[in-house]
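Novice: Structure incoming, see below.
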Amino acid sequence: DTGVSQDPRHKITKRGQNVTFRCDPISEHNRLYWYRQTLGQGPEFLTYFQNEAQLEKSRLLSDRFSAERPKGSFSTLEIQRTEQGDSAMYLCASSSRDREAGEQFFGPGTRLTVL
Amino acid sequence: LAKTTQPISMDSYEGQEVNITCSHNNIATNDYITWYQQFPSQGPRFIIQGYKTKVTNEVASLFIPADRKSSTLSLPRVSLSDTAVYYCLVATDTGRRALTFGSGTRLQVQP
């Protein structure tokens, strides 16, 4: 399977704990995006990378959130001191270089539940 | 980014054609119209994209009038597996920038 993969698919944690999610984009894609989706809503943009550079961050990305993409391949999203309001589906997407009007390919998401 | 308005939900039966209309009165000259489909517990999936007139692929058709202030996603002969949320997006650089999703249209297909 050459699609976008995310790990883990589900994560249950207690409030105050740190969690880290991983995203492996489609191999030739240089752009990688993180979104968050709560029940009944569409995905909301968090941040995106072009290669290893983090080019844009949403105001939704509080100081407790950090994302990295070392070497421009996989990416990690860490949430420190989780809160119940962080419970959501975290989606990763990637897109190929130099495509202006095109599609983003989404992974299956990581569902986070904070107790 | 152009704001979009689409119905919150729609119901249909298997074998029927479903048309979902999206309004985007403030669409800009360089904006494309893009539709994504999302099944429960999965990430969104690109369906179709267009700029003007009509676009058709193996999944759907997209009709865009000359003024581009609205668009209609047409799903021919839906099946139960087409039950999903459908999002209409209007933006430039959809392959290179963050996407802005609304709440989408929840399509329920009945047998």
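Novice: Looking only at residues that are more than 30 Å from A:Leu112 (Cα to Cα), polar (S, T, N, Q) and facing chain A (nearest Cβ under 10 Å) in segment B:15-73, which one is least open to solvent (accessible area, probe 1.4 Å)?
Specialist: Here the answer is B:Gln49.
Novice: Another question, then. In segment A:45-80, how many are within 14 Å of another protein chain (Cβ to nearest Cβ) and not aliphatic (A, V, I, L, M)? Spell out how you get there, then give the answer.
Specialist: Restricting attention to segment A:45-80, the residues satisfying the condition of being within 14 Å of another protein chain (Cβ to nearest Cβ) are A:45-51, A:53-61, A:67.
Checking which are not aliphatic (A, V, I, L, M) leaves us with A:45, A:47-51, A:54, A:56-59.
Going through segment A:45-80 one residue at a time, the tally reaches 11.
Novice: For segment A:37-53, state whether one or more residues are touching a residue at least 12 places away in the same chain (Cβ under 8 Å), β-branched (Val, Ile, Thr), touching an Asp or Glu at 6+ places or on another chain (Cβ under 7 Å) and not in a loop (DSSP other than H, G, I, E, B).
Specialist: Taking every residue of segment A:37-53 in turn, at least one turns out to be touching a residue at least 12 places away in the same chain (Cβ under 8 Å), β-branched (Val, Ile, Thr), touching an Asp or Glu at 6+ places or on another chain (Cβ under 7 Å) and not in a loop (DSSP other than H, G, I, E, B).
Listed here are the residues, each with its yes/no results for (1) touching a Pro at 6+ places or on another chain (Cβ under 9 Å); (2) within 18 Å of B:Ser103 (Cβ to Cβ).
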{"position": "B:Thr5", "(1), (2)": "no, yes"}
{"position": "B:His24", "(1), (2)": "no, yes"}
{"position": "B:Ser41", "(1), (2)": "yes, yes"}
{"position": "B:Arg45", "(1), (2)": "no, yes"}
{"position": "B:Ser61", "(1), (2)": "yes, no"}
{"position": "B:Lys69", "(1), (2)": "no, no"}
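Novice: Would you please name the residue that is surrounded by the most Cβ atoms within 10 Å (Cβ to Cβ), looking only at residues in segment A:45-57 that are within 12 Å of the chain's Cα centre (by Cα) and not hydrophobic (A, V, I, L, M, F, W, C)? Step through it out loud before you land on a result.
Specialist: First, pick out the residues of segment A:45-57 that are within 12 Å of the chain's Cα centre (by Cα): A:45-49, A:57.
Next cut, not hydrophobic (A, V, I, L, M, F, W, C) only: A:47-48, A:57.
On the way: A:Thr47: 22, A:Tyr48: 27, A:Lys57: 16.
For segment A:45-57, the residue satisfying everything is A:Tyr48.
Novice: While we're here: Looking only at segment B:102-111, which residues are surrounded by fewer than 20 Cβ atoms within 10 Å (Cβ to Cβ) and assigned to a strand (DSSP E or B)?
Specialist: First pass over segment B:102-111, keeping only residues surrounded by fewer than 20 Cβ atoms within 10 Å (Cβ to Cβ): B:102-103, B:106, B:108, B:110-111.
B:Arg106, B:Gln108, B:Gln110, listed by residue number.
Novice: Working only within segment B:84-101, note down all residues that are in a strand (DSSP E or B) and either at the interface with chain A (Cβ under 7 Å from one of its Cβ atoms) or closer than 12 Å to A:Gly102 by Cβ (or both). Break it down stepwise before answering.
Specialist: Going through segment B:84-101, the residues in a strand (DSSP E or B) turn out to be B:84-91.
The answer is B:Tyr87, B:Ala91.
Novice: In segment A:30-44, how many residues are facing chain B (nearest Cβ under 10 Å) and within 9 Å of the chain's Cα centre (by Cα)?
Specialist: The qualifying residues number 3.
Novice: Mind listing just one residue for me: the one in segment A:81-115 that is among the hydroxyl-bearing types (Ser, Thr, Tyr) and crowded, with 16+ Cβ neighbours inside 10 Å and, of those, nearest to the other protein chains (Cβ to nearest Cβ)? Spell out the reasoning first.
Specialist: Here is the first cut: in segment A:81-115, the ones among the hydroxyl-bearing types (Ser, Thr, Tyr) are A:82, A:87, A:90, A:94-96, A:110, A:113.
Subset that is crowded, with 16+ Cβ neighbours inside 10 Å: A:82, A:87, A:90, A:94-96, A:110.
On the way: A:Thr82: 21, A:Ser87: 15, A:Tyr90: 10, A:Ser94: 10, A:Ser95: 5, A:Ser96: 7, A:Thr110: 10 Å.
Step by step, filter segment A:81-115, then rank; the result is A:Ser95.
Novice: Within segment A:56-99, which residues are assigned to a strand (DSSP E or B) and out of contact with any strand residue (DSSP E or B) (no Cβ under 6 Å at 6 or more places or on another chain)?
Specialist: The first filter runs over segment A:56-99 and keeps only residues assigned to a strand (DSSP E or B), leaving A:56-57, A:65-68, A:75-79, A:88-95.
Those that are assigned to a strand (DSSP E or B) and out of contact with any strand residue (DSSP E or B) (no Cβ under 6 Å at 6 or more places or on another chain): none in segment A:56-99.
Novice: Here's another thing I want to ask about it. If a residue has to be farther than 19 Å from B:Arg106 by Cα and either of a type in the set (D, E, K, R) or assigned to a loop (DSSP other than H, G, I, E, B) (or both) to count, how many in segment B:21-44 make the cut? Show your work before the answer.
Specialist: Initial filter on segment B:21-44 (farther than 19 Å from B:Arg106 by Cα): B:25-32.
With either of a type in the set (D, E, K, R) or assigned to a loop (DSSP other than H, G, I, E, B) (or both) added as a condition, the list becomes B:25-31.
Here the count works out to 7.
Novice: Of all residues in segment B:74-87, which are open to solvent by 50 Å² or more (accessible area, probe 1.4 Å) and of a type outside the set (A, V, I, L, M, F, W, C)? Walk me through how you get there before you give the answer.
Specialist: Restricting attention to segment B:74-87, the residues satisfying the condition of being open to solvent by 50 Å² or more (accessible area, probe 1.4 Å) are B:76-77, B:80-81.
Within segment B:74-87, B:Pro76, B:Arg77, B:Ser81 meet the criteria.
The values are calculated or read from the model by the stated rules, or taken from the named source; none is laboratory data. Keep in mind it's a predicted model, so treat the numbers as computed, not measured. Neighbour counts run over all protein chains shown; Cβ positions are idealised from the backbone, glycine included. For accessibility, only protein heavy atoms count, side chains too; no ligands or nucleic acids. Shrake-Rupley method; radii C 1.70, N 1.55, O 1.52, S 1.80 Å.
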